[in-house]
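Peer 1: This is the structure, below, for whatever I ask next.
The values are calculated or read from the model by the stated rules, or taken from the named source; none is laboratory data. Everything numeric here is computed off the predicted structure, so don't read it as measured data. Glycine gets a Cβ as well: all are built from the backbone with ideal geometry, and neighbour counts include every protein chain shown.
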Amino acid sequence: WQGIETAAPWQRNGRLPPIYFVSSNTHALPNLLGGYALAHRDQLRETAQRENPDGIYPALEQALRADHATAANLLYFALRTHLHTMPDARHEVQLWDEASGIRTAENLAHVDVDAQVIELRRLRPERFDPRLSMPELERLQASDAYIINIDYPLGMAAYHLLSRVGQGVGTLLGVYVMGKAATLNGQVGDVLISRTVHDEHSENTYLFPNAFSAQDIAPYLELTNVLDNQKAVTGRGPFLQNSTYMGVFYREGYTVLEMEAGPYLSAIYELGDPRRYPNDEVVNLGERIGFDLGFLHYASDTPYSRRQSLLSKSLSVFGMESTYACATAIVRRILTRELARLNSGRAPG
């Protein structure tokens, strides 16, 4: 957190700003909000043709002629290869993003978690991914809020990071978590929306109002499905997926297995209550939190079908649709709520 604070623009005036906290990855939000890939599609098309990562070039050519959302997802995938093969590309992208108020802090205090600080008033809506289009985006120039986006941590690291963020910012306006999970009743690439999480660390079962529903995700999916009203289990590690372990939870209706929601919810409990989170209780967070809360998972594994264990395999290009569907829903939620806050007079301007 100290690494984020050092890089944060608000350090210049010493006033702690309102914050939207996002735990996702280091590419989705900058791509959607910064717009480098869409503005440099010809360069990325050349990279895709030359390197053809995961064989995407034919699909990219077809999508560029017909399907703007698919084309954008494939350009974002090609950008990763572009950054690895072009010596000056990373610096060029950072300068482009900084012009839109997106700053990156890397390798924070030797913890393998990168972060971005996004200044909403400096965003340039003309650069946005078209999926973010909505009225009155120009009003963001009056915003005093920031997005802190971190590369999602696993296990209790999530608890410690969010706890520290809660102590170091002004008003916390929203917490949104996006990550991989194993599904016991879906297929790889499906988006999973839970409102109940059993945490193996604290042994608590958390009930919470999830800000997202299937209708927020479905418009951005063509290849996979959205499963809502799920129940998730936060495991202690990726090697506990034996049939006995999972079978106990499956019989209780738990169909999502992941590694960070429980610790995040323990931190959220403490953000709304001065006491430490309890143990082995059913905890209803609905009345304890004064900010927006959303969790989205996309399925990377189906352990009941004897596929890879949790987090053992990258979704690669196949996962781009569900990843960006989740990220689009999160960013649209933030923009919608911030515009409502500005129009209500609860923010400067």
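Peer 1: Looking only at region 140-157, how many residues end up being within 19 Å of Asn25 (Cα to Cα) and outside any strand (DSSP E or B)? Outline the logic, then answer.
Peer 2: Going residue by residue through region 140-157, those that are within 19 Å of Asn25 (Cα to Cα) are 146-157.
Still in the list and also outside any strand (DSSP E or B): 152-157.
Residues that pass the stated criteria total 6.
Peer 1: When Ala267 is evaluated against the numbered criteria (1) within 25 Å of Gly186 (Cα to Cα); (2) touching a Leu at 6+ places or on another chain (Cβ under 6 Å), which criterion, by number, is the only one it fails?
Peer 2: The failed condition is (1).
Peer 1: Related question: Can you give me the number of residues within region 14-60 that are within 23 Å of Arg122 (Cα to Cα) and not in a helix (DSSP H, G or I)?
Peer 2: Going through region 14-60 one residue at a time, the tally reaches 16.
Peer 1: Looking only at region 158-186, count how many residues are part of a loop (DSSP other than H, G, I, E, B), modelled with pLDDT under 90 and not hydrophobic (A, V, I, L, M, F, W, C).
Peer 2: Of region 158-186, the ones part of a loop (DSSP other than H, G, I, E, B) are 169-171, 184-186.
Checking the rest, the ones that are also modelled with pLDDT under 90 come to 169-170.
Then drop every residue that is not not hydrophobic (A, V, I, L, M, F, W, C), which leaves 170.
The qualifying residues number 1.
Peer 1: If you check every pair at least six apart or on different chains, which have Cβ atoms under 6 Å apart with a residue in region 214-234 that is aromatic (Phe, Trp, Tyr) first and a residue that is surrounded by 17 or more Cβ atoms within 10 Å (Cβ to Cβ) and modelled with pLDDT of 95 or more second?
Peer 2: Qualifying pairs under 6 Å: Tyr220/Ala325; Tyr220/Thr328.
Peer 1: Could you grab the pairs with beta carbons closer than 7 Å, sequence gap of 6+ or different chains, first residue in region 278-289 and farther than 18 Å from Ser194 by Cα and at pLDDT 95 or above, second one acidic (Asp, Glu) and surrounded by 11 or more Cβ atoms within 10 Å (Cβ to Cβ)?
Peer 2: Asn279/Glu203; Asp280/Glu203
Peer 1: Next question. Condition test on Ser300, is it over 16 Å from His198 (Cα atoms) and of a type in the set (S, T, N, Q)? Write out each step before concluding.
Peer 2: Numbers: over 16 Å from His198 (Cα atoms): yes; of a type in the set (S, T, N, Q): yes.
Yes; evaluated as a whole, the condition is true for this residue.
Peer 1: For region 241-251, check the following and say yes or no: at least one residue is outside any loop (DSSP other than H, G, I, E, B) and polar (S, T, N, Q). Spell out how you get there, then give the answer.
Peer 2: So the first thing to find is which residues in region 241-251 are outside any loop (DSSP other than H, G, I, E, B), and the list is 243-251.
Those still in the list that are polar (S, T, N, Q) too: 243-244.
Yes, region 241-251 contains a residue that is outside any loop (DSSP other than H, G, I, E, B) and polar (S, T, N, Q).
Peer 1: Is at least one residue of region 193-204 touching a helix residue (DSSP H, G or I) at 6+ places or on another chain (Cβ under 8 Å), among the aliphatic types (A, V, I, L, M), under 24 Å from Ile19 (Cβ atoms) and in contact (Cβ under 8 Å) with a residue 40 or more places away in the chain?
Peer 2: Initially, region 193-204 is screened for residues touching a helix residue (DSSP H, G or I) at 6+ places or on another chain (Cβ under 8 Å), giving 193-194, 197-202, 204.
Right, trim to among the aliphatic types (A, V, I, L, M) and you get 193, 197.
Restricting the remaining residues to those that are under 24 Å from Ile19 (Cβ atoms) gives 193, 197.
Applying the additional criterion that residues be in contact (Cβ under 8 Å) with a residue 40 or more places away in the chain yields 193, 197.
The answer is yes; a qualifying residue exists.
Peer 1: Between Ser163, Ser213, Ser202, which is in contact with an Asp or Glu (Cβ under 8 Å, 6 or more places away or on another chain) and farther than 22 Å from Tyr254 by Cα? Reasoning before the result, please.
Peer 2: On the way: Ser213 fails: farther than 22 Å from Tyr254 by Cα; Ser202 fails: farther than 22 Å from Tyr254 by Cα.
So the residue among Ser163, Ser213, Ser202 that is in contact with an Asp or Glu (Cβ under 8 Å, 6 or more places away or on another chain) and farther than 22 Å from Tyr254 by Cα is Ser163.
Peer 1: Please verify whether Ser194 is in a loop (DSSP other than H, G, I, E, B) and crowded, with 21+ Cβ neighbours inside 10 Å, treating the condition exactly as stated.
Peer 2: Working: in a loop (DSSP other than H, G, I, E, B): no; crowded, with 21+ Cβ neighbours inside 10 Å: yes.
The answer is no for Ser194.
Peer 1: Given the options Leu123, Leu140, name the one that is in contact (Cβ under 8 Å) with a residue 60 or more places away in the chain, touching a Gly at 6+ places or on another chain (Cβ under 9 Å) and either on the phi < 0 side of the Ramachandran plot or not hydroxyl-bearing (Ser, Thr, Tyr) (or both). Talk me through it step by step, then tell me what you get.
Peer 2: Details: Leu140 fails: touching a Gly at 6+ places or on another chain (Cβ under 9 Å).
Result: Leu123 is the single residue among Leu123, Leu140 that is in contact (Cβ under 8 Å) with a residue 60 or more places away in the chain, touching a Gly at 6+ places or on another chain (Cβ under 9 Å) and either on the phi < 0 side of the Ramachandran plot or not hydroxyl-bearing (Ser, Thr, Tyr) (or both).
Quick grid of which residues meet (1) within 15 Å of Arg332 (Cα to Cα); (2) modelled with pLDDT of 95 or more:
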| residue | (1), (2) |
| --- | --- |
| Met86 | no, no |
| Val93 | no, yes |
| Glu106 | no, no |
| Gln116 | no, no |
| Met134 | yes, yes |
| Glu138 | yes, yes |
| Ile147 | yes, yes |
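Peer 1: Then there is this: Only residues that are more than 19 Å from the chain's Cα centre (by Cα) and either modelled with pLDDT under 95 or not in a loop (DSSP other than H, G, I, E, B) (or both): list them for region 202-227, please. Show your work before the answer.
Peer 2: Filtering region 202-227 down to residues more than 19 Å from the chain's Cα centre (by Cα) leaves 202-207, 222-223.
Scanning region 202-227 gives Thr205, Tyr206, Leu207, Glu222, Leu223.
Peer 1: With the checklist (1) within 24 Å of Thr328 (Cα to Cα); (2) at pLDDT 95 or above; (3) in a helix (DSSP H, G or I) in hand, flag the one item Ala69 doesn't pass.
Peer 2: (2)
Peer 1: Let me ask something else. What residue, of Met246, Met259, is surrounded by 16 or more Cβ atoms within 10 Å (Cβ to Cβ), touching a residue at least 40 places away in the same chain (Cβ under 8 Å) and farther than 16 Å from Tyr176 by Cα?
Peer 2: Values: Met259 fails: farther than 16 Å from Tyr176 by Cα.
After applying the criteria, what remains is Met246.
Peer 1: Of Tyr277, Tyr269, Tyr264, Tyr254, which residue is hydroxyl-bearing (Ser, Thr, Tyr) and surrounded by 23 or more Cβ atoms within 10 Å (Cβ to Cβ)? Even if it seems obvious, please write down each step before you answer.
Peer 2: Values: Tyr277 fails: surrounded by 23 or more Cβ atoms within 10 Å (Cβ to Cβ); Tyr269 fails: surrounded by 23 or more Cβ atoms within 10 Å (Cβ to Cβ); Tyr254 fails: surrounded by 23 or more Cβ atoms within 10 Å (Cβ to Cβ).
That would be Tyr264, the only listed residue that is hydroxyl-bearing (Ser, Thr, Tyr) and surrounded by 23 or more Cβ atoms within 10 Å (Cβ to Cβ).
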